[in-house]
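The values are calculated or read from the model by the stated rules, or taken from the named source; none is laboratory data. Just so it is clear, the model here is predicted, and its values are computed rather than measured. Note: ideal-geometry Cβ built from the backbone for every residue, glycine included; neighbour counts use all protein chains shown. Note: accessible area is taken over every heavy atom of the protein model, side chains too, but ligands, DNA and RNA are not part of it. Shrake-Rupley method; radii C 1.70, N 1.55, O 1.52, S 1.80 Å.
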Amino acid sequence: MKQKIVPLLDEETIRARVRELAASISDDYRGKEVVLLGVLKGALVFMADIMRLLEIDHQCDFVRLSSYGDGTDSSGRISFSSGPSGSVRDKHVLIVDCVADTGLTLEFLTNHLRQENPLDIRVCVLLNKQARRSTPLHLDYVGFDIPNRFVVGYGLDMAEKHRGLPYIAYLEEED
Ligand code: IMP
Ligand code: MG
(Lines give C-alpha, C1' and ligand atoms only; values in the text may rest on other atoms or scores of the structure.)
(Ligands and ions follow the chains in the order given, each with its own letter.)
Protein backbone atom coordinates (compact mmCIF):
# COMPACT_ATOMS: atom_id res chain seq x y z
CA MET A 1 0.00 0.00 0.00
CA LYS A 2 1.24 3.51 -0.84
CA GLN A 3 1.49 6.15 1.86
CA LYS A 4 0.51 9.76 1.39
CA ILE A 5 2.41 12.45 3.33
CA VAL A 6 -0.08 14.84 4.92
CA PRO A 7 1.42 18.07 6.37
CA LEU A 8 0.55 18.83 10.01
CA LEU A 9 2.95 21.64 10.97
CA ASP A 10 4.59 23.72 8.25
CA GLU A 11 8.09 25.18 8.30
CA GLU A 12 7.05 28.70 9.25
CA THR A 13 4.89 27.48 12.13
CA ILE A 14 7.72 25.34 13.48
CA ARG A 15 10.28 28.14 13.08
CA ALA A 16 8.11 30.64 14.96
CA ARG A 17 7.47 28.24 17.85
CA VAL A 18 11.11 27.15 18.12
CA ARG A 19 12.05 30.83 18.31
CA GLU A 20 9.64 31.27 21.24
CA LEU A 21 11.00 28.20 23.03
CA ALA A 22 14.58 29.40 22.58
CA ALA A 23 13.64 32.81 24.01
CA SER A 24 12.07 31.21 27.11
CA ILE A 25 15.05 28.90 27.61
CA SER A 26 17.47 31.83 27.24
CA ASP A 27 15.54 33.81 29.88
CA ASP A 28 15.35 30.89 32.30
CA TYR A 29 19.00 29.86 32.09
CA ARG A 30 20.69 33.27 31.83
CA GLY A 31 23.86 33.23 33.95
CA LYS A 32 23.69 29.46 34.46
CA GLU A 33 25.83 26.69 33.05
CA VAL A 34 23.47 24.55 31.01
CA VAL A 35 24.05 21.37 29.05
CA LEU A 36 21.57 20.67 26.28
CA LEU A 37 21.23 16.92 26.07
CA GLY A 38 19.78 15.90 22.72
CA VAL A 39 18.09 12.53 22.31
CA LEU A 40 19.28 11.02 19.03
CA LYS A 41 18.36 10.57 16.36
CA GLY A 42 15.00 12.30 16.41
CA ALA A 43 16.06 15.50 18.17
CA LEU A 44 18.88 16.21 15.71
CA VAL A 45 17.10 18.89 13.69
CA PHE A 46 15.23 20.45 16.62
CA MET A 47 18.42 20.64 18.68
CA ALA A 48 20.37 22.29 15.86
CA ASP A 49 17.65 24.92 15.45
CA ILE A 50 17.30 25.60 19.19
CA MET A 51 21.08 25.96 19.62
CA ARG A 52 21.32 28.58 16.93
CA LEU A 53 18.55 30.64 18.49
CA LEU A 54 19.74 30.56 22.12
CA GLU A 55 21.11 33.83 23.43
CA ILE A 56 23.08 32.15 26.22
CA ASP A 57 26.28 30.14 26.40
CA HIS A 58 25.56 26.43 26.50
CA GLN A 59 27.19 23.07 26.08
CA CYS A 60 25.67 20.29 24.08
CA ASP A 61 25.82 16.54 24.42
CA PHE A 62 23.81 13.63 23.08
CA VAL A 63 22.39 10.32 24.16
CA ARG A 64 21.09 7.56 21.98
CA LEU A 65 18.16 5.54 23.26
CA SER A 66 15.74 3.30 21.51
CA SER A 67 12.23 2.33 22.41
CA TYR A 68 10.95 1.63 18.93
CA GLY A 69 11.87 -0.93 16.36
CA ASP A 70 10.94 -0.11 12.83
CA GLY A 71 7.24 0.05 13.63
CA THR A 72 5.11 2.80 15.08
CA ASP A 73 4.29 1.34 18.46
CA SER A 74 6.46 1.51 21.56
CA SER A 75 8.07 -1.75 22.61
CA GLY A 76 8.25 -0.38 26.17
CA ARG A 77 11.80 -1.68 26.33
CA ILE A 78 14.29 1.16 26.44
CA SER A 79 17.92 0.59 25.75
CA PHE A 80 20.80 2.99 26.22
CA SER A 81 22.99 2.61 23.18
CA SER A 82 25.18 5.58 24.01
CA GLY A 83 25.31 7.84 27.04
CA PRO A 84 26.39 11.47 27.41
CA SER A 85 30.07 11.97 26.57
CA GLY A 86 30.63 14.13 29.67
CA SER A 87 29.39 14.06 33.24
CA VAL A 88 26.30 16.08 34.15
CA ARG A 89 27.25 16.31 37.82
CA ASP A 90 26.69 19.84 39.18
CA LYS A 91 25.26 21.05 35.89
CA HIS A 92 21.88 22.26 34.78
CA VAL A 93 20.64 19.70 32.27
CA LEU A 94 18.06 20.45 29.62
CA ILE A 95 16.95 17.31 27.80
CA VAL A 96 15.90 18.07 24.24
CA ASP A 97 13.70 15.48 22.55
CA CYS A 98 11.53 15.51 19.49
CA VAL A 99 8.41 13.91 20.95
CA ALA A 100 6.96 12.72 24.24
CA ASP A 101 4.78 9.77 23.36
CA THR A 102 4.29 7.11 26.06
CA GLY A 103 6.89 9.03 28.09
CA LEU A 104 8.85 5.88 28.90
CA THR A 105 12.00 7.05 27.14
CA LEU A 106 12.14 10.37 28.98
CA GLU A 107 11.31 8.70 32.29
CA PHE A 108 14.15 6.23 31.78
CA LEU A 109 16.57 9.01 30.83
CA THR A 110 15.72 11.35 33.71
CA ASN A 111 15.91 8.51 36.24
CA HIS A 112 19.31 7.56 34.90
CA LEU A 113 20.66 11.14 34.88
CA ARG A 114 19.43 11.84 38.39
CA GLN A 115 21.92 9.29 39.72
CA GLU A 116 24.73 11.56 38.50
CA ASN A 117 23.58 14.44 40.70
CA PRO A 118 23.04 17.24 38.21
CA LEU A 119 21.88 20.59 39.70
CA ASP A 120 18.54 20.09 37.99
CA ILE A 121 16.95 18.40 34.99
CA ARG A 122 14.36 19.99 32.74
CA VAL A 123 12.73 18.57 29.63
CA CYS A 124 12.05 20.30 26.33
CA VAL A 125 10.09 18.51 23.63
CA LEU A 126 8.96 19.80 20.29
CA LEU A 127 5.87 17.60 20.21
CA ASN A 128 3.65 16.23 22.94
CA LYS A 129 1.20 13.38 22.42
CA GLN A 130 -0.55 13.59 25.78
CA ALA A 131 -3.14 10.96 24.83
CA ARG A 132 -0.43 8.30 24.61
CA ARG A 133 1.16 8.90 28.01
CA SER A 134 1.57 5.76 30.10
CA THR A 135 3.67 7.25 32.89
CA PRO A 136 3.47 10.65 34.62
CA LEU A 137 5.96 13.01 33.02
CA HIS A 138 6.70 16.65 33.69
CA LEU A 139 7.51 18.64 30.56
CA ASP A 140 9.02 22.10 31.06
CA TYR A 141 8.97 23.30 27.46
CA VAL A 142 6.54 22.00 24.84
CA GLY A 143 6.44 23.13 21.23
CA PHE A 144 3.11 21.71 20.15
CA ASP A 145 0.47 19.41 21.58
CA ILE A 146 -0.46 17.06 18.77
CA PRO A 147 -3.09 14.35 18.32
CA ASN A 148 -2.38 10.67 18.65
CA ARG A 149 -0.92 10.23 15.16
CA PHE A 150 2.44 8.89 14.12
CA VAL A 151 4.34 11.81 12.60
CA VAL A 152 7.50 12.15 10.50
CA GLY A 153 9.82 14.92 9.36
CA TYR A 154 11.99 17.56 11.09
CA GLY A 155 14.17 14.72 12.41
CA LEU A 156 11.41 12.20 13.08
CA ASP A 157 11.40 8.96 11.14
CA MET A 158 9.33 5.99 10.35
CA ALA A 159 11.68 3.04 9.85
CA GLU A 160 14.50 5.56 9.21
CA LYS A 161 12.60 7.35 6.45
CA HIS A 162 11.44 10.98 6.15
CA ARG A 163 13.78 12.49 8.77
CA GLY A 164 14.89 15.14 6.28
CA LEU A 165 11.42 16.55 5.57
CA PRO A 166 11.59 20.23 6.60
CA TYR A 167 8.04 20.11 8.02
CA ILE A 168 6.07 17.67 10.19
CA ALA A 169 3.55 15.37 8.61
CA TYR A 170 1.57 12.25 9.22
CA LEU A 171 1.29 9.33 6.89
CA GLU A 172 -1.99 8.18 5.45
CA GLU A 173 -2.59 4.87 3.71
CA GLU A 174 -3.47 5.26 0.06
CA ASP A 175 -4.92 2.46 -1.99
P1 IMP B 1 8.13 7.23 24.17
O2 IMP B 1 9.13 6.54 25.02
O3 IMP B 1 6.95 6.37 23.86
O4 IMP B 1 7.70 8.59 24.71
O5 IMP B 1 8.77 7.42 22.76
C6 IMP B 1 9.63 8.38 22.48
C7 IMP B 1 10.40 8.06 21.21
O8 IMP B 1 9.60 7.30 20.28
C9 IMP B 1 10.72 9.36 20.51
O10 IMP B 1 11.94 9.91 20.94
C11 IMP B 1 10.73 8.92 19.05
O12 IMP B 1 11.98 8.40 18.70
C13 IMP B 1 9.71 7.80 18.96
N14 IMP B 1 8.39 8.30 18.53
C15 IMP B 1 7.27 8.45 19.27
N16 IMP B 1 6.25 8.94 18.54
C17 IMP B 1 6.75 9.13 17.31
C18 IMP B 1 6.18 9.63 16.08
O19 IMP B 1 5.01 10.02 15.98
N20 IMP B 1 7.03 9.66 15.01
C21 IMP B 1 8.32 9.26 15.06
N22 IMP B 1 8.88 8.79 16.18
C23 IMP B 1 8.11 8.72 17.29
MG1 MG C 1 12.38 6.44 15.31
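When a/c reaches 1.5 or more, the comparison of a/b and b/c decides; with that in mind, is the range 104-175 rounded, prolate or oblate per its Cα gyration tensor?
Cα axes put the range 104-175 in the prolate bin.
Magnitude of the Cβ-charge dipole of the range 77-142, K/R +1 and D/E -1, about the Cα centre, nearest 20 debye?
160
Sorted by average packing, counted as other Cβ atoms within 10 angstrom per residue and highest first, what order do 2-10, 106-114 take?
Ranked from most to least packed, the peptides come out as 106-114, 2-10.
What number, in nm² with one decimal, is the all-direction average of the projected area of the convex hull of the alpha-carbon atoms of the chain?
Answer in nm², one decimal: 9.7.
Among 21, 34, 79, whose Cα lies farthest out toward the positive end of the dipole of the chain, if unit charges sit on the beta carbon of Lys, Arg (+1) and Asp, Glu (-1)?
Working it through, the farthest residue towards the positive pole turns out to be 79.
Quick check on packing: order 39-48, 116-125 by the mean number of other C-beta atoms within 10 Å, highest mean leading.
39-48, 116-125
As a test of the formula, what do you get for the chain when each DSSP H run with n ≥ 4 contributes -39,500 (n - 2.57) and the sum is divided by the residue count, at 222 nm and rounded to the nearest 500 deg cm²/dmol?
-7500 deg cm²/dmol
With every protein chain present, what is the per residue accessible area of the range 11-149 (1.4 Å probe, Å²)?
Per-residue value: 49 Å².
Would you mind working out the magnitude of the charge dipole of the range 11-149 relative to its Cα centre, with +1 at each Lys and Arg C-beta and -1 at each Asp and Glu C-beta, to the nearest 20 Debye?
280
Counting only pairs 8 or more places apart or on different chains, how many lysine pairs in the chain have C-alpha atoms closer than 29 Å?
Going through the chain pair by pair, I get 13.
Tell me, in nm to one decimal, what length is gained between residue 140 and residue 5 on full extension, where the rule is 0.36 nm per residue of separation less the Cα-Cα distance?
45.6 nm
Can you compute the modelled spin-label distance between residue 12 and residue 132, with each label point 7 Å from Cα toward Cβ, in nm?
2.8
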